[in-house]
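Written out below as structure tokens is the structure these notes cover.
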Amino acid sequence: MNMKFIKDNWQTTLVFTFGFILPITAFGQGTVPAPKCLPGQICNPLPKITSIPNLIQTILEGAIKIGLPIVALAIIYAGFLFVFARGNPEKLGTAKDTLLYTLIGAAILLGAWAIAKMIESTVLGITST
């Protein structure tokens, strides 16, 4: 029963492993010294982040670091679907849809990064004048 469950849900298991388990182990390196606060003060738990744009940039960098390997794996998966389709029109349609949705996801991911960079440069240009 257990092997049948894994065989039926291997895609979910793969996404869970690469989407949640590996980033935890990859980003869980080193220790950060505790911030020094006076009693009664609220300390910044992220000492390197000092502004909202810096926070957004850090979140987007994390999304890029996690998203790009997932996009690469999805493209490889779509390639395997093309190979295993062997001319079957239904399976070829599935492979084409998988590749299309993967490329749309990659465009959204990189587009969000580009828009954030444009907004950042605009805001920095306005504040410097």
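The values are calculated or read from the model by the stated rules, or taken from the named source; none is laboratory data. If you're wondering where the values come from, they're calculated on a predicted model, not measured in any experiment. No Cβ is skipped: glycine too gets one built from the backbone with ideal geometry, and neighbour counts run over all protein chains shown.
Taking the condition in contact (Cβ under 8 Å) with a residue 40 or more places away in the chain and out of contact with any Asp or Glu (no Cβ under 7 Å at 6 or more places or on another chain), does residue 68 pass?
Working: in contact (Cβ under 8 Å) with a residue 40 or more places away in the chain: yes; out of contact with any Asp or Glu (no Cβ under 7 Å at 6 or more places or on another chain): yes.
Taking the combined requirement at face value, the residue satisfies it.
Please give the number of the condition residue 69 fails out of (1) at pLDDT below 90; (2) in a helix (DSSP H, G or I).
Of the numbered conditions (1) at pLDDT below 90; (2) in a helix (DSSP H, G or I), the odd one out for residue 69 is (1).
Based on what the data block shows, is residue 79 within 20 Å of residue 60 (Cα to Cα) and surrounded by fewer than 15 Cβ atoms within 10 Å (Cβ to Cβ)? Lay out the reasoning, then the answer.
Values: within 20 Å of residue 60 (Cα to Cα): no; surrounded by fewer than 15 Cβ atoms within 10 Å (Cβ to Cβ): yes.
Here the answer is no, as residue 79 does not meet what is asked.
Collect the residues in segment 22-58 that are within 21 Å of residue 71 (Cβ to Cβ), among the polar types (S, T, N, Q) and at pLDDT below 65, keeping them in residue-number order.
Residue satisfying the conditions is 25 alone.
Are any of the residues in segment 11-21 modelled with pLDDT under 75 and part of a loop (DSSP other than H, G, I, E, B)?
Within segment 11-21, not a single residue is modelled with pLDDT under 75 and part of a loop (DSSP other than H, G, I, E, B).
Considering only residues that are within 25 Å of residue 104 (Cβ to Cβ) and surrounded by 14 or more Cβ atoms within 10 Å (Cβ to Cβ), which ones fall in segment 50-62?
Within segment 50-62, 56, 57, 60 qualify.
Can you find, within segment 71-101, the residue that is farthest from residue 14 (Cα to Cα) among those that are of a type in the set (Gly, Ala, Ser) and more than 23 Å from the chain's Cα centre (by Cα)?
Here is the first cut: in segment 71-101, the ones of a type in the set (Gly, Ala, Ser) are 72, 74, 78-79, 85, 87, 93, 95.
Still in the list and also more than 23 Å from the chain's Cα centre (by Cα): 85, 87, 93.
On the way: 85: 21, 87: 27, 93: 23 Å.
Filtering first and then ranking leaves 87.
Determine whether residue 87 is surrounded by fewer than 14 Cβ atoms within 10 Å (Cβ to Cβ), at negative phi, at pLDDT 80 or above and small (Gly, Ala, Ser).
On the way: surrounded by fewer than 14 Cβ atoms within 10 Å (Cβ to Cβ): yes; at negative phi: no; at pLDDT 80 or above: yes; small (Gly, Ala, Ser): yes.
So residue 87 fails the test.
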